[in-house]
1. Can you confirm whether segment 139-146 contains a residue that is touching a Phe, Trp or Tyr at 6+ places or on another chain (Cβ under 7 Å), of a type in the set (S, T, N, Q), in contact (Cβ under 8 Å) with a residue 40 or more places away in the chain and over 26 Å from residue 79 (Cα atoms)?
2. Using the structure shown, decide if residue 171 is crowded, with 20+ Cβ neighbours inside 10 Å, of a type in the set (A, V, I, L, M) and part of a strand (DSSP E or B).
3. Anything in segment 117-155 that is among the hydroxyl-bearing types (Ser, Thr, Tyr), part of a helix (DSSP H, G or I) and surrounded by 20 or more Cβ atoms within 10 Å (Cβ to Cβ)? List them, or say none.
4. Which numbered condition trips up residue 102, out of (1) part of a helix (DSSP H, G or I); (2) in contact (Cβ under 8 Å) with a residue 12 or more places away in the chain; (3) of a type outside the set (A, V, I, L, M, F, W, C)?
5. Against the condition under 16 Å from the mean Cα position of the chain (by Cα), free of Cβ contacts under 8 Å to residues at least 60 places away in the same chain and surrounded by fewer than 15 Cβ atoms within 10 Å (Cβ to Cβ), how does residue 96 come out, does it pass?
6. Go through 175, 187 for me and flag whichever is at pLDDT below 95, farther than 20 Å from residue 73 by Cα and small (Gly, Ala, Ser).
Amino acid sequence: MSRWIPPSTLAALLGLTLLAAACGITVESQPRSVSASIPDALQPDATTTTIASPDTEQVEIFLAQNIDDRMQLAKVTRDIDPDGTVNTILEQVLAGPNLEEQEEKYVSPFIEGSTIIGTILNGTLLEIHLNSLEGFPQDDSTSNRLAYAMLVCTATELIVGAEIQLVKILVEREGELIPINIPVSDGDPTEEGAPVYCANYASFDPRYRELDQG
């Protein structure tokens, strides 16, 4: 049996509903991190609501292989649960090769310790925000530059739907995001906080080596 609601009460409830809609009120259980979407990007302090999809999506990332005693970038395909953001793809790079990829001799200089806490896409410049650099090799070595090459070149060369040309990396330190001096293998050393291109890692990219040999 339906319950009778007095007209005055019904009008009050309707008024509250319209007021909430007019004010653009949204409800979220917890704050969300900033994440660059494909192809758009959220700006700082923005929030979004995404709907989970049961379908997986194939993406490409760069790992590495030892070819002719030289480390090279090598593409692999991953199945991921898509959320329409750059973060989900780049996190695959930090995770390193899975068991099947290890059997195929794919390697990675990354170790556990670094997490992507946000990304912002400004035109063709992608900012990658990390919680720390603990997952990167801590010495001035080939492995150190290779780690940055994998992250930068995945962002600029393999992410479909976003026209990314440059990458800038910021690290969280004492509650602030600080731009870092990104190590490169080719070209002039970068200044503190300057962005880099995939071309700054030509030594690891077989495409550039083929051009040089030609």
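1. No, the conditions are met nowhere in segment 139-146.
2. no
3. 148, 154 - these are the residues of segment 117-155 that are among the hydroxyl-bearing types (Ser, Thr, Tyr), part of a helix (DSSP H, G or I) and surrounded by 20 or more Cβ atoms within 10 Å (Cβ to Cβ).
4. The number of the failed condition is (2).
5. no
6. Answer to the check: 175.
For (1) crowded, with 19+ Cβ neighbours inside 10 Å; (2) closer than 23 Å to residue 126 by Cα, each residue gets a yes or a no:
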position	(1), (2)
58	no, yes
69	no, no
74	yes, yes
91	no, yes
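The values are calculated or read from the model by the stated rules, or taken from the named source; none is laboratory data. Keep in mind the model is a prediction, meaning the values are calculated, not measured. FYI the Cβ positions are ideal-geometry reconstructions off the backbone, even for glycines, and counts take in every protein chain you see.
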